[in-house]
Amino acid sequence: MLDVPIWHKGIIRGVVCCEHTGQKRTWRDEESDFLVNIAFVVAQTMDAHERVKLNERRTELISELEYANKELSDFAYVVSHDLKAPLRGISSLAGWLASDYADKIDDEGKEHLKLLTGRVERMNNLINGILLYSRAGRSKAMNEDLDLDALLREVRDSLSPPKNIRIVLKGPFPVIQGDWTRIVQVFQNLLS
């Protein structure tokens, strides 16, 4: 008998066997080399089969990921649309109150309306940020010059900390390159 193991990834996966019946014989080197080559081809075929299976699975996963990304994008769009509608209403109402009752609203009331309008605008920006975030990896971040002094003041004001908490900004802060929405999210998370 002439046996040659089939090695695949460091493990014997099988054996190529040749058997001679009759009188005892000695196997020639060419015959042994031939069987070694057959064992090698079988191992290479196993590798190719594994690669095909991995590529099929990869294709399935990419398809599932594309579907999930589309669902996320659709969801973010619907949610942002549903959230923006009441914000537009609040903004319009605040504008009407400010103009229709300008002579009846004192300075404190005007300040409250200004705060309300500013918060509506910030909420609108956050919703736009959610939309951008849902497209992460599919759209490029917008790198622009960001004045951290102004950005941090806006973040601090948007958080509206309780009266017993004071956020003190000790600047001056630099102008950096980055995506406004993402940097705002970082500082909002840190401060909140």
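When ASN128 is tested against (1) modelled with pLDDT under 85; (2) touching a strand residue (DSSP E or B) at 6+ places or on another chain (Cβ under 7 Å), just one condition goes unmet, and that condition is (2).
Are any of the residues in segment 8-30 touching a Gly at 6+ places or on another chain (Cβ under 9 Å) and of a type outside the set (A, V, I, L, M)?
yes
For segment 11-50, give me each residue that is of a type in the set (Asp, Glu) and open to solvent by 80 Å² or more (accessible area, probe 1.4 Å). Within segment 11-50, GLU19, ASP29, GLU30, ASP33 meet the criteria.
Regarding LYS53, is this residue outside any helix (DSSP H, G or I), open to solvent by 90 Å² or more (accessible area, probe 1.4 Å) and at pLDDT 90 or above?
no
When GLY171 is tested against (1) touching a helix residue (DSSP H, G or I) at 6+ places or on another chain (Cβ under 8 Å); (2) open to solvent by 50 Å² or more (accessible area, probe 1.4 Å); (3) at pLDDT below 85, exactly one condition is not met: (2). Looking only at segment 157-168, which residues are exposed (fewer than 12 other Cβ atoms within 10 Å of the Cβ) and either at pLDDT below 85 or under 19 Å from ARG122 (Cβ atoms) (or both)? Listed by number, the residues that qualify are SER160, PRO162, LYS163, ILE165.
Mind listing whichever residues of segment 149-181 are farther than 21 Å from ARG119 by Cβ and not in a loop (DSSP other than H, G, I, E, B)? Selection gives VAL175, ILE176, GLN177, GLY178. Looking at segment 120-142, can you tell me whether even one residue there is over 30 Å from ALA68 (Cβ atoms), open to solvent by less than 70 Å² (accessible area, probe 1.4 Å) and without any contact (Cβ under 8 Å) to a residue 40 or more places away in the chain? Looking for residues that are over 30 Å from ALA68 (Cβ atoms), open to solvent by less than 70 Å² (accessible area, probe 1.4 Å) and without any contact (Cβ under 8 Å) to a residue 40 or more places away in the chain, one finds at least one in segment 120-142, hence yes.
Note on segment 1-10: residues that are exposed (fewer than 14 other Cβ atoms within 10 Å of the Cβ) and farther than 14 Å from GLN44 by Cβ amount to 3.
Scanning segment 174-192 for residues that are modelled with pLDDT under 90 and farther than 20 Å from LEU131 by Cβ, we see that the one that is most open to solvent (accessible area, probe 1.4 Å) is LEU190.
Would you check if there is a residue in segment 67-74 being under 21 Å from the mean Cα position of the chain (by Cα) and modelled with pLDDT of 90 or more? Looking for residues that are under 21 Å from the mean Cα position of the chain (by Cα) and modelled with pLDDT of 90 or more, one finds at least one in segment 67-74, hence yes.
The values are calculated or read from the model by the stated rules, or taken from the named source; none is laboratory data. These numbers were taken from a predicted model, which means no experiment stands behind them. Every residue, glycine as well, gets a Cβ built from its backbone with ideal geometry; the counts of neighbours run over all protein chains shown. Ligands, DNA and RNA are excluded from the accessible area calculation, which covers all protein heavy atoms including side chains. Shrake-Rupley method; radii C 1.70, N 1.55, O 1.52, S 1.80 Å.
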